[in-house]
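A.B. asks: The structure that follows is given in the form of structure tokens.
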Amino acid sequence: MAGRRLRSSTVVLGGMGLLALTITSCGSEPDKRCADRTTQKTLPSSECRSGGSGSYYYGGKSDSGKVQGGSFDKSAVDRGGFGCSGSGGG
């Protein structure tokens, strides 16, 4: 009897984890970091606020002080996720 109870708890907990993942992945913001548009070097976040020289770089990663694999255009780096509706062609 204890074996059955344990298995059903695992199924319930697994389902809750999937639900939580779905909810948090939909509509979540992509990672962003401050960078120079010309050199693509990372900058302190203060440079992206209030007229600083930087711009936010969305997605991608920072390697050796430079951003890569993302975009300065937030809409080009849509996170989406399982169960999220996207713009479909048709």
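A.B. asks: Out of (1) at pLDDT 85 or above; (2) over 21 Å from the mean Cα position of the chain (by Cα); (3) surrounded by 10 or more Cβ atoms within 10 Å (Cβ to Cβ), what's the single condition that is false for Val12?
C.D. replies: That leaves (1) as the condition not met.
A.B. asks: Condition first: loosely packed, with under 14 Cβ neighbours inside 10 Å and in contact with a helix residue (DSSP H, G or I) (Cβ under 9 Å, 6 or more places away or on another chain). Now tell me which residues in the range 25-79 satisfy that.
C.D. replies: Across the range 25-79, the qualifying residues are Glu29, Gly52, Ser53.
A.B. asks: Could you run through the range 15-45 and say how many residues are among the polar types (S, T, N, Q) and at pLDDT 95 or above?
C.D. replies: Qualifying residue count for the region: 4.
A.B. asks: Checking the structure you have, find out if any residue of the range 55-75 is at pLDDT 95 or above, assigned to a strand (DSSP E or B) and of a type in the set (Val, Ile, Thr).
C.D. replies: Taking every residue of the range 55-75 in turn, at least one turns out to be at pLDDT 95 or above, assigned to a strand (DSSP E or B) and of a type in the set (Val, Ile, Thr).
The values are calculated or read from the model by the stated rules, or taken from the named source; none is laboratory data. Just so you know, these numbers come straight off a predicted model, no measurement behind them. With ideal geometry, Cβ positions are generated from the backbone for all residues, glycine too; neighbour counts draw on all protein chains shown.
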